[in-house]
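Working notes for the structure below.
No value in this document is a laboratory result; all are computed from the given coordinates. Everything quoted here is computed from the prediction, not taken from an experiment. Counting neighbours? That spans all protein chains shown, and the Cβs are built from the backbone with ideal geometry, glycine included.
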């Protein structure tokens with residue numbers, strides 16, 4: 001989706017140019033906080049300012065829900081918003097995208113956990129209108145299979 005180009009994939013290291021989602025000639029200053037809300041909800045809030053002066057923000061919340069001693073589900077929500085229009089990368093002021101996901105993992109050991117994740121992402125407002133105009137989809141469903149390794 002278009003908005004992924006605006007702020008990378010959520011990791012500060014990917015905002016330095018190593019991510020395929022960061023447009024050529026674009027760099028970002030990012031500042032954020034991470035914490036745990038009541039009920040053990042992990043949260044992240046990050047603001048981004050591009051070298052073109054375009055502000056944006058991302059808020060993400062997720063929680064681990066244990067089913068058994070070794071099976072966990074992790075629902076998450078992510079909101080991306082933009083402070084001004086940036087026609088070059090197709091993002092516009094206001095709420096740009098919302099992403100909902102559910103990851104379920106089986107912890108073989110604390111350090112090894114295969115997982116399956118399903119998710120859905122949707123663009124809103126003028127960002128969605130621009131995507132439609134360019135013949136792109138405004139929503140996307142996905143599935144991921146992976147292994148979580150901690151060392």
Dividing the alpha-carbon radius of gyration of the stretch 4-149 by 2.2 N^0.38 Å (N being the number of residues), what value is obtained?
1.14
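Within a 10 angstrom radius of the beta carbon, how do 95, 100 rank from fewest other beta carbons to most? Before the final figure, lay out the partial values.
On the way: 95 17, 100 14.
Ranking 95, 100 by Cβ neighbours within 10 Å, fewest first, gives 100, 95.
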Over the stretch 78-151, what lengths in whole Å, largest first, do the semi-axes of the equivalent ellipsoid take, defined as the square roots of 5 times the eigenvalues of the alpha-carbon gyration tensor?
33, 13, 9
